[in-house]
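To start, the structure itself, in structure tokens.
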Amino acid sequence: MAENAKGDDFESLDDLGDLQETQSPDDMMGEDEDGQLLDAKNLDLILDIPLTVTVELGRSKMLINDLLQLSQGSVVELTKLVGEPLEVLVNQKLVARGEVVVVNEKFGVRLTDIVSPMERVQSLS
């Protein structure tokens with residue numbers, strides 16, 4: 001009887017392996033840092049959280065006096081050089097860099113570099 005129970009245990013393990021092989025791509029998104037499978041259902045919980053995405057062309061510091069003297073046609077000099085990548089920020093955190101593109105008469109950003117998690121951690125200090 002004990003041998004039969006052990007045999008059932010092995011069969012149940014085989015069944016679990018079969019279940020993982022038959023899951024559809026919609027049920028699995030990939031693996032997390034620990035190698036655990038991520039379910040699409042779990043990801044669905046956060047998909048409708050609003051985020052603020054900002055693309056930064058450059059920055060400038062001005063005195064209030066200089067700001068008040070700006071008029072139509074004035075040029076504000078930015079800290080970025082021509083050809084330097086734009087910064088893409090999500091909730092004020094740098095996540096990518098890119099370049100300006102024009103698509104159907106609208107500006108866009110082609111991402112050229114995604115910031116690694118290590119770079120994001122280093123930027124906090």
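Any read-out appearing in this document is the output of simple, stated calculations on the displayed coordinates, not a laboratory observation. Just so we're clear, the structure is a prediction, and the values are computed from it rather than from any experiment. Note: ideal-geometry Cβ built from the backbone for every residue, glycine included; neighbour counts use all protein chains shown.
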Identify the residues of the stretch 98-125 with backbone N under 15 Å of a label point that sits 7 angstrom from the Cα of residue 54 along the Cα-to-Cβ direction, or state none.
none
Using r as the Cβ-Cβ distance of residue 78 and residue 122, and R0 as 25 Å, what FRET efficiency do you calculate, to the nearest 0.05?
0.50
Using the Cα centre as the reference, give the magnitude of the dipole from point charges on the C-beta atoms of the stretch 50-125 (Lys, Arg: +1; Asp, Glu: -1; all else neutral), rounded to the nearest 20 debye.
180 debye
Gain upon complete extension [residue 101, residue 47; 0.36 nm per residue less C-alpha separation]
16.8 nm
